[in-house]
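These notes concern the structure reproduced below.
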Amino acid sequence: MRVAVIGCGSIARQRHAHEYSLNKNCEIAGFFDFVSERAEALVKEYCGKVYGTLDELLSDESVDAVSVCVANAYHAETTIKALRSGKHVLCEKPMAISLEDCEAMIKEAEKAGKRLMIGHNQRLTPAHRRAKEIISSGSMGKVLTFSTMFCHGGPESWSVEKSKNTWFFKKSAAAFGSMADLGIHKIDLIRYLVGDEIEDVYSRMCVLDKTFEDGSPIEVDDNSVEILRFKNGAFGTVTTSWTCYGTEFNTTNIFLKKGILKLYSDPEYSLIIVHDDGREEKLALDRMQSNSDAQQASSGVIDEFVSSIVEDRPSILDATDIIKSMRAVFACQKSDISGMAEKL
């Protein structure tokens, strides 16, 4: 497969380009970014060509697939153009900024006969996959409650701008704040683990500390808390924050009828299984990546994208399933505005 990357910010540099370069079934055709210097820097590191325009990239018939790594507000537009040009698409999360856009993306993929996947890496980690196996087996009984959190110091030090004026903080470009930037990971993960659909949500979002360079508050939330209730009765919380200074929390606890699953709560053991008799199993399966990692090379997203196309098989990252998590995100937005729980 010949692949190209659209948008050359931090996620393209630290994940997509690097992982494509390691995949034996891939050849990197090139890069496009509206700031050409960013594309040039990646070409120097990974080869390929700098495309002068998006249309030039999409008209290159030798390109089989693209990664869409632009700002949230442009996910749908860019993805739809790529699908119409005959490319398979891996789009970064969150999928799009409206449910209508998400649905249009899926419709276009079906019409074009091309694959559309969304980069939900947390579904692919070894500890999460093992937890999914345990829950699905029923060996520890049904899920009763859960708590999951994704909290770090904010995107301004990680994003390509390295500035408080980052696009992540602007409503026009990001549309969402921490709730969808981080919360979409955890909402989707809980859906994946519980194996059921969300019945309703209650959400509260706020700006506690983040400001632009001029000191004015950012335009999107920097903290949020969500309560999710599933159709099967499972009930729990999602917590997100861009104001967790000093360390990062990316953890999940699942409370089942016959014990507890602790995910990434221990620096050595990524999965701790606590049985109802108090017995513990500690498994060092992997380590959760953080934004401070120099390269995010082990997410598995690129390998899954490529192999599912090469093998012509359904993927755990298919947009037709991910859109169900996005419905919960949009319901959380409505709940924050209405002050009430919102049914999906």
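Please give the FRET efficiency for residue 237 paired with residue 99, using the beta carbon to beta carbon distance and R0 = 25 Å, rounded to the nearest 0.05.
0.60
In plain terms, the chain from residue 46 to residue 279 could stretch by 79.0 nm, reckoned as 0.36 nm per residue minus the Cα-Cα distance.
With both partners inside the chain, how many of the DSSP beta bridges are antiparallel, as a percent to the nearest 5? Working shown, then result.
Numbers: 41 of 66 bridges.
Beta bridges within the chain, antiparallel portion: roughly 60 percent.
Peptides 315-327, 180-192 ordered by packing proxy, namely the average of other Cβ atoms within 10 Å per residue, highest first: 180-192, 315-327. Other residues lying with their Cβ under 15 Å from the Cβ of residue 244 contribute a combined charge of -4, Lys and Arg counting +1, Asp and Glu -1. Between residue 147 and residue 214, what is the FRET efficiency for a Förster distance of 41 Å, r being their Cβ-Cβ separation, to the nearest 0.05? Efficiency, rounded to the nearest 0.05: 0.65. With the simple spin-label model, which puts each label point 7 Å out from Cα in the Cβ direction, the residue 341 to residue 133 separation comes to 3.5 nm. Helix 319-338 and the longest principal axis of the Cα set of the chain meet at an angle near 70°.
Computed from backbone phi, the HN-Hα couplings of the stretch 150-166 come to 9, 9, 8, x, x, x, 5, 8, 9, 5, 5, 6, 6, 8, 5, 8, 4 Hz, rounded to whole numbers (Karplus: 6.51 cos²θ - 1.76 cosθ + 1.60, θ = phi - 60°; Gly and Pro given as x).
Across the cross-link table entries 186/258; 24/81; 93/343; 142/282; 81/231, which are compared at the Cα atoms, the separations over 25 Å belong to 24/81; 81/231.
Once the Cα atoms are used to define both axes, helix 183-194 deviates from the longest principal axis of the chain by about 60 degrees. Counting only protein chain heavy atoms and rolling a 1.4 Å probe, the accessible areas of 237, 247, 125 rank, largest first, as 247, 237, 125. Relative to the longest principal axis of the Cα atoms of the chain, the long axis of helix 301-310 lies at roughly 70 degrees.
For a test of the definition: using alpha carbon positions, the gyration tensor, and the 1.5 limit on a/c, classify the stretch 15-115 as rounded, prolate or oblate. Cα axes put the stretch 15-115 in the prolate bin. Label sites at residue 35 and residue 162, each approximated as a point 7 angstrom past Cα along Cα to Cβ, lie 1.0 nm apart.
Entry comment: accessible area of the chain is 42 Å² per residue, from protein heavy atoms only and a probe of 1.4 Å.
Heavy-atom surface analysis with a 1.4 Å probe gives the chain a carbon and sulfur content of 51 percent of its accessible area. With only Cα atoms counted, the stretch 166-205 has Rg and Dmax values of 12.4, 36 Å.
Cβ-Cβ distance of residue 59 and residue 318, R₀ of 30 Å, FRET efficiency by 1/(1 + (r/R0)^6): the value works out to about 0.70.
The values are calculated or read from the model by the stated rules, or taken from the named source; none is laboratory data. As the structure is a prediction and not an experimental result, all values here were calculated from the model. Because the Cβ atoms are built from the backbone with ideal geometry, glycine has one as well, and the counts that use them run over all protein chains shown. Please note that ligands, DNA and RNA were not included when accessible areas were found on the heavy atoms of the full protein model with its side chains. Shrake-Rupley method; radii C 1.70, N 1.55, O 1.52, S 1.80 Å.
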